[in-house]
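Written out below as structure tokens is the structure these notes cover.
The values are calculated or read from the model by the stated rules, or taken from the named source; none is laboratory data. In this text the structure is predicted, and so the values were computed from the model without any measurement. Every residue, glycine as well, gets a Cβ built from its backbone with ideal geometry; the counts of neighbours run over all protein chains shown. These area figures cover heavy atoms from the full protein model, side chains too; ligands, DNA and RNA do not enter into them. Shrake-Rupley method; radii C 1.70, N 1.55, O 1.52, S 1.80 Å.
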Amino acid sequence: MENLLKGKRVQLKTIDPEKAPLFNQWFNDPHITENLQWGTLPMPMELSKNFGDQAQQPSKTDQHFSIHALDLPEGEESYIGHISLHHIDWRNRVAELGIVIGDQKHLSKGYGTDAIKTLLHFTFMEMNLNKVVLRHYQFNERGHRAYLKAGFKEEGRLRQQLYRHGRFWDVIYMGILKDEFMNNQ
């Protein structure tokens, strides 16, 4: 497996299709998937295997990375999540970020924020994009805090766009510009 990008607490690597059973477990945990766009639908192992295989294929519009924690005890699985750039628009130099920390025991420990900052550095310095956007659900307060820590700003919201947990929630759109990121380094 190729080591690609190193942050302070994480390393981003190419996706290893052999880890499909692990990310299949994550993608079937409703506490993890409630914040993902497809929601809490069951994901069969075959779809997880397909994801792992497709994530390794070169793409002009998508870049996928596995997140590996650098500071876990020896012998503990370092592979803790995924981070991706989607819908890369090379003409306008914009991409959409997606992230998931797969195991609940690794949430709220700064791994997600470090993974985002590491990917943003690569996105702005190596890919020469100008803007990264994301969207999340109003109830994802943990994610919102991580995005703010990484430098994202709220750009808008679609009011009561999502029905989940017995009520309507806003979908929040956030973005960060290359200049904003570089000025906060």
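Quick look at the values:
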{"read-out": "Volume per residue that the Cα convex hull of the range 134-185 spans, once the total is divided by residue count, Å³", "value": "55"}
{"read-out": "Stretch in the chain that is longest and holds no chymotrypsin sites (Phe, Trp or Tyr not before Pro) that DSSP places in a loop and that have at most 12 other beta carbons within 10 Å", "value": "91-185"}
{"read-out": "Spin-label model distance (nm) - Arg145 vs Asn28, 7 Å beyond Cα toward Cβ", "value": "3.1"}
{"read-out": "Relative contact order (%) - the chain, alpha-carbon pairs under 8 angstrom, separation at least six", "value": "18"}
{"read-out": "Of Lys13/Lys60; Lys60/Lys109; Lys6/Lys153, those spanning more than 21 Å from alpha-carbon to alpha-carbon", "value": "Lys60/Lys109; Lys6/Lys153"}
{"read-out": "Linear extension gain, Leu47 paired with Lys6, 0.36 nm per residue minus alpha-carbon span", "value": "11.9 nm"}
{"read-out": "Simple label model, 7 Å out from Cα along Cβ direction - His86 to Val171, nm", "value": "1.0"}
{"read-out": "DSSP-assigned coil residues among GluC sites (Glu not before Pro) in the range 39-141, each with at most 14 further Cβ atoms within 10 Å", "value": "Glu74, Glu76, Glu77, Glu126"}
{"read-out": "Sum of -39500 (n - 2.57) over DSSP H runs of 4+, divided by residues of the chain (222 nm, nearest 500)", "value": "-8000 deg cm²/dmol"}
{"read-out": "Cα-based convex hull volume of the range 43-142 per residue, rounded to whole Å³", "value": "133"}
{"read-out": "Protein accessible area in the chain, 1.4 Å probe - carbon and sulfur %", "value": "47"}
{"read-out": "Cut-off of 10 Å, at most 14 other beta carbons, DSSP loop: longest stretch of the chain lacking such trypsin sites (Lys or Arg not before Pro)", "value": "110-185"}
{"read-out": "Full-stretch length increase - Lys109, Gln160 - with 0.36 nm per residue and alpha-carbon distance subtracted", "value": "15.4 nm"}
{"read-out": "Accessible area per residue, Å², the chain with all protein chains present, probe 1.4 Å", "value": "56"}
{"read-out": "Spread of Cα-to-Cα distances over 5 Å intervals beginning at zero, given as percent, for the chain", "value": "1, 8, 16, 21, 21, 18, 11, 4, 1, 0"}
